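The values are calculated or read from the model by the stated rules, or taken from the named source; none is laboratory data. Because the structure is predicted, anything quoted here is derived from the model rather than measured. As a convention, Cβ positions derive from the backbone with ideal geometry for all residues, glycine included, and neighbour counts pool all protein chains shown.
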Ligand code: A3P
């Protein structure tokens, strides 16, 4: 069902509701997700899962450099997306192994077979920074039609009934419940990647079973630096309004330039109420 989400200041953007979750209005998103029961998981599939704006593209490039003989970043414009919400199950079937697939869906929308068979890397980012990054994503992309303010967008994002991809708190809590102690799963933190990218690159390689030489770890670290990715990655031009980019600031703590004291208190109250359900230490300043 296609709906309009209207913020507290009267600005709106479109979303599609599938099984109670608000999703971006990708063409055919509803049938793509409803067809997940026809999705055949493979043991060598690697899923990159997270709540939006938590470092999907960053981890994707690390994984692709490690799993292939590439020396350069992927070409998103030519190679398209491996984003099952936006791809029909039949087109995913045609992809050669090993597939690297990205998704932001909450656990209840994820294909069950994939959970049993495939490898999952769950990326966590300070949700306050992810909220801010999400604001610029929706405001700067052409298709959303949204021209609201940070304050309006915050109100939609903090509310579990209007948040796109569902509440951050439930996303993390539900996923962690099944991924905790699962040898086929790895949790990667955006802030750890910022602190020591090479260490996280090595962790990811060892988890995937693709250990590499020190020289390759060096190359992956260099190619996946923010500066190199921003310069080298081609973006789908029709997706962004002028000035919009998937590689915006790439820093920790931009939330401090956006959250008001009242917004921070509101966020922290929910966080404190839900923190014992998260099962993972979230490495960020409250
Ligand atoms: P900002 O908007 O805060 O800059 P996703 O890929 O999940 O959509 O996440 C996008 C966010 O990850 C953006 O955050 C983007 O700048 C950041 N990002 C992408 N590549 C990065 C890199 N190599 N280093 C640091 N941050 C990166």
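Values as computed for the structure displayed
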| quantity | calculated |
| --- | --- |
| Test: residue 85 is within 16 Å of the ligand (Cβ to nearest atom) and in contact with a helix residue (DSSP H, G or I) (Cβ under 9 Å, 6 or more places away or on another chain) | yes |
| Residue in region 17-24 that is more than 16 Å from the ligand (Cβ to nearest atom), over 18 Å from residue 156 (Cα atoms) and either part of a loop (DSSP other than H, G, I, E, B) or in contact with a strand residue (DSSP E or B) (Cβ under 7 Å, 6 or more places away or on another chain) (or both) present | yes |
| Residues satisfying the stated conditions in region 201-256, i.e. touching a residue at least 60 places away in the same chain (Cβ under 8 Å), farther than 27 Å from residue 80 by Cα and in a helix (DSSP H, G or I) | 254, 255 |
| Some residue of region 94-107 being assigned to a helix (DSSP H, G or I), touching a residue at least 12 places away in the same chain (Cβ under 8 Å) and within 30 Å of residue 258 (Cβ to Cβ) | yes |
| Cβ-Cβ under 7 Å pairs, at least 6 apart or on other chains, region 54-83 side farther than 17 Å from residue 122 by Cα and touching a residue at least 60 places away in the same chain (Cβ under 8 Å), far side within 11 Å of the ligand (Cβ to nearest atom) and assigned to a loop (DSSP other than H, G, I, E, B) | 73/233; 76/233 |
| Per-region count, region 142-185, residues closer than 18 Å to residue 3 by Cβ, in contact (Cβ under 8 Å) with a residue 40 or more places away in the chain and under 19 Å from the mean Cα position of the chain (by Cα) | 9 |
| Complete set of residues in region 257-286 that are part of a loop (DSSP other than H, G, I, E, B) and under 18 Å from residue 124 (Cα atoms) | 278, 279, 280, 281, 282, 283, 284, 285, 286 |
| Any hit, region 219-242, residues being over 21 Å from the mean Cα position of the chain (by Cα), modelled with pLDDT of 95 or more, surrounded by 13 or more Cβ atoms within 10 Å (Cβ to Cβ) and more than 28 Å from residue 149 (Cβ to Cβ) | yes |
| Out of 44, 69, sole residue that is over 21 Å from residue 230 (Cβ atoms) and either modelled with pLDDT under 95 or not in a loop (DSSP other than H, G, I, E, B) (or both) | 69 |
| Test for residue 74: is it over 17 Å from residue 50 (Cβ atoms), under 18 Å from the mean Cα position of the chain (by Cα) and not in a strand (DSSP E or B) | yes |
